[in-house]
Amino acid sequence: MSATWQKRVDTLQRRIAGESDVGRRMYLVAQELCSQPYRADALVGGPELEEKLVIDLGSFDCVTFVESVLALGRSRTSQSFLRELTQLRYRNGEIRWRTRLHYFSDWLRANHRRGAIRVRTRGAGAQTISTHLGTLVALPERRIQLVVVPKANLHRAVSRISHGSVIAFASVRARLDFFHVGLAFWKDDALTLFHASRSLGQVASVPLSDFLSNNRMRGIAFAAPCVGTP
């Protein structure tokens, strides 16, 4: 981590140091990062290119925004942030393109297993759907099943969405699991979505209900953040 980014991480962690609740810590970080620019293809690496751990709190795509906020919420020092970000992004923390959790269904599963999040999609209103993954030509195609809550059923599941939950939106496109991700926070008894928006060109917050109304999807999956280690 460069001295510049270590200073930025230290500054953000000082601002949330008085908060013990991980969702509240994440909310304060998300507010601080609002209006930061959107950046497509934020990570560095490829099937034939060296993978590098990218730490950038000045611009984001939708996944790196979620990872950065969650890593900051779960850590207390710059070194624990670095460790947490690596574990969130790469299977077993191994920094290689082929161990990067490219598909968000894999990201959810891996980080649930290691205790960083708790997937809570299953329950009232949830359905199991089939799809297959194949947007990355360097990885083999495979068929998977996803548990999602369709928009029409959200009222039956909303009580399971906690402050700071990771929200993933299931794609209607073939060969893709989720088309977008963000973080949901409760405000005035309603859910607000914080996300790095390609269309807006920046990190923004919108009522979750508006995002659901304005986008086609097969449903949503969600996971609560878990308390991290110092």
Inset, instruction - Kindly check whether there is at least one residue in region 145-158 that is of a type in the set (V, I, T) and in contact with a Gly (Cβ under 7 Å, 6 or more places away or on another chain). - result: yes
Inset, instruction - Spot the failing condition for A224; the list is (1) touching a helix residue (DSSP H, G or I) at 6+ places or on another chain (Cβ under 7 Å); (2) closer than 19 Å to M26 by Cβ; (3) among the small types (G, A, S), and only one is missed. - result: (1)
Legend entry - Meets criteria (within 19 Å of the chain's Cα centre (by Cα), within 24 Å of D61 (Cα to Cα) and hydrophobic (A, V, I, L, M, F, W, C)) for V148: yes
Legend entry - Members of region 46-76 that are of a type in the set (D, E, K, R) and under 13 Å from A196 (Cβ atoms): D56, D61, E67
Inset, instruction - Mind listing just one residue for me: the one in region 137-153 that is loosely packed, with under 14 Cβ neighbours inside 10 Å and touching a residue at least 12 places away in the same chain (Cβ under 8 Å) and, of those, farthest from R96 (Cα to Cα)? - result: Q145
Inset, instruction - Taking A40 as meeting all but one of (1) over 29 Å from D21 (Cα atoms); (2) assigned by TED's automatic domain parsing to the domain that holds T11; (3) in a helix (DSSP H, G or I); (4) small (G, A, S), write down the number of the exception. - result: (3)
Inset, instruction - Restricting attention to helices (runs of 4 or more DSSP H) lying wholly within region 51-131, give those where 2 or more residues are touching a His at 6+ places or on another chain (Cβ under 9 Å). - result: 62-74
Inset, instruction - Select from region 175-205 the residues that are farther than 18 Å from R120 by Cα, in contact with a Phe, Trp or Tyr (Cβ under 9 Å, 6 or more places away or on another chain) and not in a strand (DSSP E or B) and list them in ascending order. - result: L176, R198, S199, L200, G201
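The values are calculated or read from the model by the stated rules, or taken from the named source; none is laboratory data. These numbers come from a predicted model, not from an experiment. Positions of Cβ are generated from backbone atoms using ideal geometry, with glycine treated the same way; all protein chains shown enter the neighbour counts.
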